[in-house]
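In what follows, a single structure is set out as structure tokens and then discussed.
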Amino acid sequence: MLFTSWQKTYYEALEIKENNKTQRKMKWQEYQEAVGVLYEQMSEMGEVRKNITIPDRVTGQARQVDVWWEFQIGNHTIKILIDAKMRASKLDVKDVEEILALAKSVKADKAIIVTNNEWTSPAQLFANHEGLDFLILTIDEATDLIIDGKWLMCKDCGKDCVVMDSDGAVEIDEKINWWLGGKCRSCRTLHIICQACGAKGMMRINESWSCNCDFEWKNTEEYYEFKIITENDVTEFKDPNQREIDFN
Ligand SMILES: [Zn+2]
Ligand SMILES: [Zn+2]
């Protein structure tokens, strides 16, 4: 099956931004991604990693961590666990306990909960005592972060997100045509936005799709390939991340 349009996802995201009443439409994966983007922007020091697993200190079992931030102070590496909690109701002591247990399990020095909602007084007291911080990130703010951050929910599997991390360009008749591309982290479906004609396409592994300018993309095991369909149908695959330079 070939998908030729995933505009709906984009417009749904815009709708969230425009209308607060529809904010519950944001998915938790989107919120989690937004929290990661927030810390990437905030952290001028150290390294921020999103959605990773860290082995449990005792059992060695993989523990899922939303955002992991490491930086150096002197000879010490400070490790901070950041957990995203998109909630309809206030966070409670149980939520704090759960994150503190996770922080201990992965040997974090500090834990931060980022949430769209408030927390109960007992949760606040408990968090203060244990050195856990709360941070508010509203759904509106989170939506701004993911829309501006070239990020989309996968329209194919709907379970995970697509980071549009690849941009390519090709020069034709002294005009630069460029596109944005990225793959779903879960199902690996390729998403392409052609900036020249505005077409948006989606293709699964080994599928091809062409936009209105007769550019064609193919989703491959490695990443993806790009070619120009000419009148003579002479085809040449190019590295999508390599900018074309005309030396003439
Ligand atoms: Zn997907
Ligand atoms: Zn196009």
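Extension gain for N128-D214 works out to 25.0 nm (0.36 nm per residue, less the C-alpha to C-alpha distance).
Stretched out straight at 0.36 nm per residue, the stretch from A62 to C157 would grow longer than its current Cα-Cα span by 31.8 nm. Here each label is just a point 7 Å from Cα along the line to Cβ, and for K104 and T53 those points are 2.3 nm apart. What FRET efficiency would be calculated for the residue pair L135, Q195, taking the C-beta separation as r and a Förster radius of 30 Å, to the nearest 0.05? E between L135 and Q195, to the nearest 0.05, is 0.30. For the stretch 70-87, the Karplus equation 6.51 cos²θ - 1.76 cosθ + 1.60, evaluated at θ = phi - 60°, returns couplings of 10, 8, 9, 10, x, 8, 9, 9, 8, 10, 10, 9, 10, 10, 9, 10, 8, 10 Hz by residue, with Gly and Pro reported as x.
Once amide H atoms are built 1.01 Å from N in the peptide plane, which residues 5 or more positions from D160, or in another chain, come under 5 Å H to H? Counting only residues 5 or more places away or on other chains, the set is C154.
The modelled label-to-label distance between N75 and E118, using points 7 Å beyond Cα along the C-beta direction, is 4.7 nm.
Shown for the stretch 133-212: lysine pairs separated by 8 or more places, or found on different chains, whose C-alpha atoms are under 17 Å apart, numbering 6. Compared with the alpha-carbon gap, the fully stretched path from Y223 to I176 is longer by 14.7 nm at 0.36 nm per residue. When peptides 115-121, 59-65 are ranked by their average number of other Cβ atoms within 10 Å per residue, the highest-first order is 115-121, 59-65.
The numbers here are math on the coordinates, done by the rules we state, and not lab data. Keep in mind that what you see is a predicted model, and the values were worked out from it rather than measured. As a convention, Cβ positions derive from the backbone with ideal geometry for all residues, glycine included, and neighbour counts pool all protein chains shown.
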